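The values are calculated or read from the model by the stated rules, or taken from the named source; none is laboratory data. Bear in mind the structure is a predicted one, so any value in this text is a computation, not a measurement. We place every Cβ from the backbone using ideal geometry, glycine too, and count neighbours over all the protein chains shown. Accessible surface is based on the protein model in full, side chains and every heavy atom, while ligands, DNA and RNA are left aside. Shrake-Rupley method; radii C 1.70, N 1.55, O 1.52, S 1.80 Å.
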Amino acid sequence: MVKLVYYFAGYLLKFLLSLFGRLKVYNKHHLPQNEGYVVACTHSGWVDVLWLGVSILPVKVNYMAKKELFQSAGLKWLMEHLNAFPVDRDNPGPSTIKVPRKLLKEGKVIGIFPSGTRTSDEVPLKKGAVTIAATSKVALVPAAYAGPANLKELFQRKKPRLIFGEPIRLQEDAPKKMQVDIMMNEMNEQFKKLQLEINAK
């Protein structure tokens with residue numbers, strides 16, 4: 001039932017969003033095959049969340065979502081059927097990474113927006129995506145989005161584009177204390193490069 005709801009919603013969203021402009025996806029070949037991974041995407045509005053999920057169908061994205069979205073029974077049911085799981089963004093702890101690590105071990109995909117909030121400005125990135133990928137020893141794939149960020153911009157028919165970067169993996173030969181920072185720096189560099197590249201397309 002959960003799988004059917006996800007696919008029905010995913011392909012319906014793909015059709016509806018395409019009415020406003022067809023998504024152009026670049027470098028999809030960078031996505032790992034037959035293994036779990038973390039995809040970390042830039043975040044400017046609710047539309048990029050939808051397009052990210054649609055872009056890799058039939059592969060499903062399991063999103064980290066703020067716990068407030070699970071407080072009402074109806075919304076909780078919807079979020080769970082769309083493969084989202086709650087995270088306490090104000091008080092993150094060790095338990096925060098238990099669910100994504102379990103999903104990654106099962107070969108599933110975790111979607112995270114490292115800025116932690118919707119913004120059109122450059123903001124410091126949170127380490128959650130890197131920490132989860134590093135402790136799970138899976139690839140982290142950076143992605144950048146450009147296009148409509150809200151309903152108004154959808155109706156303006158701004159062209160949506162999404163680009164995937166090269167997978168970033170834990171450098172186990174590096175000193176253990178530096179491994180997460182190395183991945184974080186590489187993610188930051190790829191984000192800057194990918195955003196410039198997608199903005200120019």
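Taking the criterion of being under 25 Å from Arg22 (Cβ atoms), open to solvent by less than 10 Å² (accessible area, probe 1.4 Å) and more than 15 Å from the chain's Cα centre (by Cα), would at least one residue in region 173-190 satisfy it?
no
For Ala65, which of the numbered conditions (1) without any contact (Cβ under 8 Å) to a residue 40 or more places away in the chain; (2) aliphatic (A, V, I, L, M); (3) touching a helix residue (DSSP H, G or I) at 6+ places or on another chain (Cβ under 9 Å); (4) not in a strand (DSSP E or B) fails to hold?
Evaluating Ala65 over (1) without any contact (Cβ under 8 Å) to a residue 40 or more places away in the chain; (2) aliphatic (A, V, I, L, M); (3) touching a helix residue (DSSP H, G or I) at 6+ places or on another chain (Cβ under 9 Å); (4) not in a strand (DSSP E or B) leaves (4) as the failure.
Okay, residues lined up against (1) surrounded by fewer than 20 Cβ atoms within 10 Å (Cβ to Cβ); (2) modelled with pLDDT of 95 or more; (3) more than 23 Å from Phe191 (Cα to Cα); (4) among the aliphatic types (A, V, I, L, M):
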residue	(1), (2), (3), (4)
Ala9	yes, no, yes, yes
Ser18	yes, no, yes, no
Tyr26	yes, yes, no, no
Gln33	yes, no, no, no
Gly36	no, yes, no, no
Trp51	no, no, no, no
Val61	no, no, no, yes
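Residue-wise test of (1) free of Cβ contacts under 8 Å to residues at least 40 places away in the same chain; (2) outside any helix (DSSP H, G or I).
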| residue | (1), (2) |
| --- | --- |
| Pro142 | no, yes |
| Ala149 | no, yes |
| Leu154 | no, no |
| Arg157 | no, yes |
| Ile163 | no, yes |
| Glu166 | no, yes |
| Glu172 | yes, yes |
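In the list Leu140, Leu154, Leu82, which residue meets the criterion of being at pLDDT below 80 and aliphatic (A, V, I, L, M)? Before you say what the answer is, go through the steps one by one.
Numbers: Leu140 fails: at pLDDT below 80; Leu154 fails: at pLDDT below 80.
Answer to the selection: Leu82.
What pairs come out if I take residues in region 177-198 that are closer than 12 Å to Ala134 by Cα and assigned to a helix (DSSP H, G or I) and pair them with residues that are open to solvent by 70 Å² or more (accessible area, probe 1.4 Å) and not aromatic (Phe, Trp, Tyr) whose C-beta lies under 7 Å away, six or more apart or interchain?
Between residues of region 177-198 that are closer than 12 Å to Ala134 by Cα and assigned to a helix (DSSP H, G or I) and residues that are open to solvent by 70 Å² or more (accessible area, probe 1.4 Å) and not aromatic (Phe, Trp, Tyr), the close pairs are Gln179/Gln171; Val180/Lys127; Ile182/Gln171; Met184/Lys127.
Under 16 Å from the mean Cα position of the chain (by Cα), part of a strand (DSSP E or B) and either closer than 22 Å to Glu106 by Cβ or of a type outside the set (Asp, Glu) (or both): does that describe Val54? Show your work before the answer.
Values: under 16 Å from the mean Cα position of the chain (by Cα): yes; part of a strand (DSSP E or B): no; either closer than 22 Å to Glu106 by Cβ or of a type outside the set (Asp, Glu) (or both): yes.
For Val54, the condition - under 16 Å from the mean Cα position of the chain (by Cα), part of a strand (DSSP E or B) and either closer than 22 Å to Glu106 by Cβ or of a type outside the set (Asp, Glu) (or both) - is not met.
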